[in-house]
Amino acid sequence: MLARFKSTQTVDITVQEQLVPIQHYLRQPHRVIKALVDPSRVENLGQGVFRLKMRPLGFMMLSIQPTVDLKLWAETDGSIALESVNCDIQGIDFINERFNLTLKGTLSPEVENNKTHLIGRADLNVEVNVPPPLAFTPRPIVEATGNRLLSSVLITIKQRLMQQLLIDYREWAIAQQDHVESSPNVALLTSHRSAI
């Protein structure tokens, strides 16, 4: 039985702007990915591609652990986009050969009434041939269970994003500002101005 599961989550985060605009932070995919998911589960493959080893997921009688390769890139408008480019299921060949996961997401800074918001959306879709032990389970039960599972994955990512991204942005912006202020050229310029 071929089953299809899907889930969508949206997010709207008010940004407390730092001296360095958040658009500059969003151009750092290696930082953004670590704000989205647990850094201990991420491997940087280079060229904006990251391998995420997800936590084991319980699906009816099965426990599966997907490994997903995600590509992140910055758009010219300051937004960041994410797309899955590969997925493997460890340990269960029957499912791995008949499993397709698609994840697409965007996160865009928008300014309204002098306030910056991060507006995001993620769409997660899975197609899988259900293995024989579960093939006799009614389709509506299988699909409802799968949809709930995907929803829980996206909600976990959303919660981490809402908590971690702004913290990391603030730390990054402060470090950028400290770096600029400690630059010899800036110090020279400052002393030159004070002498005028």
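Numbers below:
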| item | result |
| --- | --- |
| Residue list for the range 36-56, restricted to those being touching a Lys or Arg at 6+ places or on another chain (Cβ under 9 Å) and at pLDDT below 85 | M54, R55 |
| Restricting the range 6-62 to residues that are of a type in the set (S, T, Y) and open to solvent by 60 Å² or more (accessible area, probe 1.4 Å), the residue that is farthest from W172 (Cα to Cα) | T8 |
| Residue pairs meeting the criteria (Cβ under 7 Å; at least 6 apart or on separate chains; first within 19 Å of Y25 (Cα to Cα), in the range 152-166; second polar (S, T, N, Q) and open to solvent by less than 60 Å² (accessible area, probe 1.4 Å)) | K158/Q9 |
| Test for E43: is it among the charged types (D, E, K, R) and within 18 Å of the chain's Cα centre (by Cα) | yes |
| From the options T145, T137, residue that is assigned to a helix (DSSP H, G or I), open to solvent by less than 70 Å² (accessible area, probe 1.4 Å), touching a Ser or Thr at 6+ places or on another chain (Cβ under 9 Å) and hydroxyl-bearing (S, T, Y) | T145 |
| Answer residue from the range 114-134, given it is hydrophobic (A, V, I, L, M, F, W, C) and not in a loop (DSSP other than H, G, I, E, B) and is farthest from P21 (Cα to Cα) among those | L134 |
| Scan of the range 68-77 for residues that are buried (at least 16 other Cβ atoms within 10 Å of the Cβ) and either in contact with a helix residue (DSSP H, G or I) (Cβ under 8 Å, 6 or more places away or on another chain) or under 25 Å from A144 (Cα atoms) (or both), ordered by number | V68, L70, L72, A74 |
| Scope the range 100-134; condition open to solvent by 40 Å² or more (accessible area, probe 1.4 Å), of a type outside the set (A, V, I, L, M) and at pLDDT below 90; matching residues | N100, E112, N113, N114, K115, E127, N129, P132, P133 |
| Test: residue in the range 176-196 that is at pLDDT 85 or above and closer than 14 Å to V20 by Cα | no |
| Residue in the range 114-134 that is small (G, A, S) and more than 14 Å from the chain's Cα centre (by Cα) present | no |
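This table checks each residue for (1) within 20 Å of M162 (Cβ to Cβ); (2) in contact (Cβ under 8 Å) with a residue 60 or more places away in the chain.
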residue	(1), (2)
V11	yes, yes
L19	no, yes
L26	yes, yes
V37	yes, yes
R51	no, no
R55	yes, no
I64	no, no
T67	no, no
L82	yes, no
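The values are calculated or read from the model by the stated rules, or taken from the named source; none is laboratory data. What you are looking at is a predicted structure, and each value in this text was computed from that prediction instead of being measured. As a convention, Cβ positions derive from the backbone with ideal geometry for all residues, glycine included, and neighbour counts pool all protein chains shown. Only protein heavy atoms, including side chains, enter the accessible area calculation; ligands, DNA and RNA are left aside. Shrake-Rupley method; radii C 1.70, N 1.55, O 1.52, S 1.80 Å.
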